[in-house]
Amino acid sequence: MHRVVLSALALSLLVAAGPAHADNRFFDPNSKTWVSLKMTPEMAGQIARKKYKRKLVSYSGPEEPGTIVVDTNARWLYHVQGNGKAMRYGIGVGKDGFTWKGTEKITRKAEWPGWTPPPEMIVRERKKGRKLPAHMPGGPKNPLGARAMYLGSTIYRIHGTNEDWSIGQAVSSGCIRMLNSDVEYLYEQVKIGAKVKVL
């Protein structure tokens, strides 16, 4: 039983502490040895789905019902419900140098959106040895996931992901990532014109 608890604790610490593919070690007091654990994307995704589960929470902000508030540092998105409540979702955010702050409105919504990487992203990824497509149709392998909500006239969106492990991480090029099940739920609750505050 202690080994199971220790393993679960180690897994949760690994997700919080490092990248999804890192080799990690923890000390097992039962065997008195160091144990290596390779964190796979599947393991990290499973932990993220539990840790960042959608939840109705108390909310004391001044925003009107229907407003979306993105807390970039805490990796939470709040959809304000009114009466001191908000639906809270775990998110992935922009990596270092790609975060932004401001207020926008949702100007478009799309189910299983296609993805056209911006030219600067294509150049940036090519330098890393990765070739991006000029366009990728919507579907399960598309990085925008099941739904997208477009923010003003910016290149940013609130969208799903096919990489569950990235929830709770700073890995995007500025978009707000959500679990597909969460973005599908939020998509049905949000109207065109809804205000989005990114903090």
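With 0.36 nm allotted per residue and the present C-alpha distance subtracted, the His135-Lys105 stretch has 8.3 nm of extension available.
Which FRET efficiency value, to the nearest 0.05, is calculated for Ser173 and Lys32 with the Förster distance at 41 angstrom and r the Cβ-Cβ distance?
Here the calculated transfer efficiency is 0.35.
Protection proxy ranking for 99-112, 63-76, using the average of other Cβ atoms within 10 Å per residue and placing the highest first: 63-76, 99-112.
If you take all other residues with their beta carbon under 13 Å from the beta carbon of Thr103, and give Lys and Arg +1 and Asp and Glu -1, the sum is +1. Counting Lys and Arg as +1 and Asp and Glu as -1 over every other residue whose Cβ lies under 12 Å from the Cβ of Ile155, the net charge comes to -1.
Taken together, the values in this text are just the output of simple stated rules run on the coordinates, not laboratory data. Note that this is a predicted model, so its numbers are computed, not measured. As a convention, Cβ positions derive from the backbone with ideal geometry for all residues, glycine included, and neighbour counts pool all protein chains shown.
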